[in-house]
Structure formats: structure tokens, C-alpha cells
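Inspection log for the structure reproduced underneath, given as C-alpha cells.
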Amino acid sequence: MSTNIPLSGTRLWDSLMQIAQIGGTAKGGCNRQTLTDLDSEGRKLFQRWGEAVGLTLSVDRVGNMVFRRPGRDNSRKPIAIGSHLDTQPTGGKFDGILGVLAGLELMRALHEAGAQTEAPLVLINWTNEEGARFSPPMMGSGAAMGIFTETEILAKQDPDGKVFGEELRRLGWQGSADPAALQDLGGYFELHIEQGPQLENDGLDLGIVTQALAQSWYEVTVEGEESHGGSIMAGRRDAMMGAAPLISAVEEIALAALSPSGEPGRGTVGCLNVYPSSRNVAPGRIWFSIDTRHADPDQLAWMGAQIKARATEIAAARKLKITVEDFWHSPMVPFSPELAEHLRASARARGYRFKDMPTAIGHDAVYVARKVPTVMLFCPCHGGISHNEAESITPEWATAGLTVLADAVLAAANA
């Protein structure tokens, strides 16, 4: 059907540039954080665009925006497209927004052609994918899929003490629909920029995402004893000198954790606190975070065990106390082989170069996949740069993602 409907890559690009003006930054990015006035303005524009092509909007109790387009057989479960409109404080023009507006472009083309699918279609803007203002991320999809309760989400506070539920109501974006109703979808598609350099480096147009990597996060506390910077080195119980080799070991362990195909793990230390944080005092306590990811759950578990073993060795050698606490775990999440094959069939038919690949990054699709057949489609981004005002893609990459997404959604809806 998609070859007979007026999909427009130019119109998609123009819409991306228009919404980017809401919260646009001096460096060419976007700051449209969740449940700010700017987020609300972006939502209102999206609402106007959707209603202009006959879509019916409902909003659920955690603020997820859900547009519906009827099918010939409305007893069938709808096929959904979605992503998010919110951004990081120094975000780009494409992360999340591309997936939402590509879905809108499909709806516009169907409307102009007067075409109808067998199953209904749904277009979703998930609330707070980024987690930049309210933590954790992916709250809207998490609440809908039962990972979080509505009560805990609505009670979350931002750093200024503003409450999530109160901000929803202030802006007029708390609806009455049950978010759990979104578990009753026939399939879910999400188009996204890769947020990595593989596709660009390999000269490919698209990536078919077959799974989300398993993740385990840890919190580490290294405890020693403060000492004057002028004291002799012998006998010091310097927490920093214990933390430093353990932090270095995270990279070493990740690179050594090879899957049967030779793929290494990924390890990141993203936060670090020093006490007492004085220039001339060897610190008595260090706290830091560790984020580990791997396509092979066994290798992910090995990474965690190795980190804990290394902590024990360092603590004994330096007379320190090192505690490695499990903080959060997300299992490996497979995506739908059937929906992935719809994407592959379209890419082959249109002559696009593509490969299968995992995602190591959390997306709404990862939560949705726990309840609904789901697949993701990646298009390249320059240099793999994302969550950055310099984030960029080409109109051609966006159009490739749009057309393959549209073909696959229509194939699923008309199957």
C-alpha cells in the first residue's frame, strides 16, 4: 500500500525543523524537558497536526498521548508507532521526535490518499522517555507496561521539588484513560536515530534492531580514612587510591567479556562523589556508579562477578572497605522476529543497505516489548552524536527510515 500513498520525506523534515523551534537553543539543539511549558507547547502542536488529519486523541493518567486511526476491522488489535517529544537539556532535533513525526507522516499520507488499513493504527507520544527532569526515564511506557505503578510515577519530584502529577495537571496533560490499555496492541514500531556510529561507519542506510542488551547497574562505596596531603604516603588508607584502580578495571573487564561472536561488553562509570572533597586531604570515602551492558546475559553476570572480585582484592591490599551494591537490572529483551522481517522485506525491496543489530540504550520500545510484539528501526546519525545540540542526520536518512517504517507498519496492519 505504501507505494500508492503520498509519503513525503520533505514534509517530515519540515515538521522536524518546525517543532525544533520550540525550545530551540543557541547552538541549534533543543531544550524541551518533560512537563515544562515548552514540552506542553510541543504537545499542543503535535495535537493540532494529528487532529488535522482526522486522528482521535486520548490522553492517559500519566500523560501519554495516544492518537487512533480506525481500521476496516476495529475488533483487531491496533498496530502502533511511537517514541517521544521530550528532550535532554542540551538535546538535539532528532532523538525521539523522528519516530513520532515519521508516524504522523504515515497518518498524513493515508489521510490524503483516503486509504484504510485492516487493523486500526495508533500513534503514541510517551511521557518522559528522557528522565532528564524527572527520574527514572521511560516513565510513560514503564507505567503503561506495568514496570512502574501510576502512584509512584505521579509522586516523583524534580530537583526543584515539583511533583510529576501536579505538573501534569498544571499543564492540562493528565487524562483519564488507563495507561495499561496500551498493553493490548497488536504490534509496536519505533524509528530512532542510532545514537552510535556503526551504521555511518559501515556505510549503511538502516539498522534492524533485534534485541535490547541486558544491563546491570551497581553503586560502589570505597571507605578508608582521611589524611593530610602533607603526611607520608606509607600507611595511608586513601579511598581515592582504591577507587581509581577499580574504576580502571571496569573498562578492562568489559573489553574482556567476549560473547561467542566476539562482541565485548560495555562498562561506564558515570557518577563519582568524593568526601570530604578538599584539595589537601586524601579522601576517606568515594562513591561511584557502574553501568554494565552485554548482549550475552552470561557475560554480563561474569562482568559483575569480576568487578566484585576486583573490589575484594583492592580492599584487602589497601586496608579499605569496598561495598559493591546491585542497583538495577534490565534483562536482555528480544524484539519480534515477525515484525523485524517486515522491515527487512521493505529495505530489500527498496534497495537500502541494512544490518541486524542490538540496542545498548534504553528506549520506550524496550519496555513495550515485555508485553507487546515490538521492533525498532535505526537510521544513522553523524558521528554517533546524540543527547547533544550537535546531533544531526540527513534528510535522506530520515526518508529511508520513514519509508521502511511505513511499509512494515502497513504490512502488519493488513496481514
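The values are calculated or read from the model by the stated rules, or taken from the named source; none is laboratory data. All of these numbers come straight from a predicted model, not from anything done at the bench. As a convention, Cβ positions derive from the backbone with ideal geometry for all residues, glycine included, and neighbour counts pool all protein chains shown.
Miscellaneous remarks
- Strands (runs of 3 or more DSSP E) enclosed by segment 209-290 - at least 2 residues per element that are touching a residue at least 24 places away in the same chain (Cβ under 8 Å), surrounded by 16 or more Cβ atoms within 10 Å (Cβ to Cβ) and in contact with a helix residue (DSSP H, G or I) (Cβ under 7 Å, 6 or more places away or on another chain): 214-223, 266-268
- Q306 being within 20 Å of D326 (Cβ to Cβ), in a helix (DSSP H, G or I) and of a type in the set (S, T, N, Q): yes
- Residue within segment 128-148 that is assigned to a helix (DSSP H, G or I), in contact (Cβ under 8 Å) with a residue 12 or more places away in the chain and among the hydroxyl-bearing types (S, T, Y) present: yes
Per-residue answers, yes or no, for (1) in the same structural domain as K162 (by TED's automatic domain parsing); (2) under 17 Å from G175 (Cα atoms); (3) modelled with pLDDT of 95 or more; (4) in contact with a strand residue (DSSP E or B) (Cβ under 9 Å, 6 or more places away or on another chain):
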| position | (1), (2), (3), (4) |
| --- | --- |
| G9 | yes, no, yes, no |
| S15 | yes, no, yes, no |
| G24 | yes, no, yes, yes |
| T34 | yes, yes, yes, no |
| E41 | yes, yes, yes, no |
| L45 | yes, no, yes, no |
| F67 | yes, yes, yes, yes |
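- Any chance E219 is of a type in the set (D, E) and at pLDDT 95 or above: yes
- Candidates D158, D178: the one that is free of Cβ contacts under 8 Å to residues at least 60 places away in the same chain and farther than 30 Å from G401 by Cα is D158.
- Of all the residues in segment 158-194, those that are among the hydroxyl-bearing types (S, T, Y) and either under 17 Å from G131 (Cβ atoms) or part of a loop (DSSP other than H, G, I, E, B) (or both) number 1.
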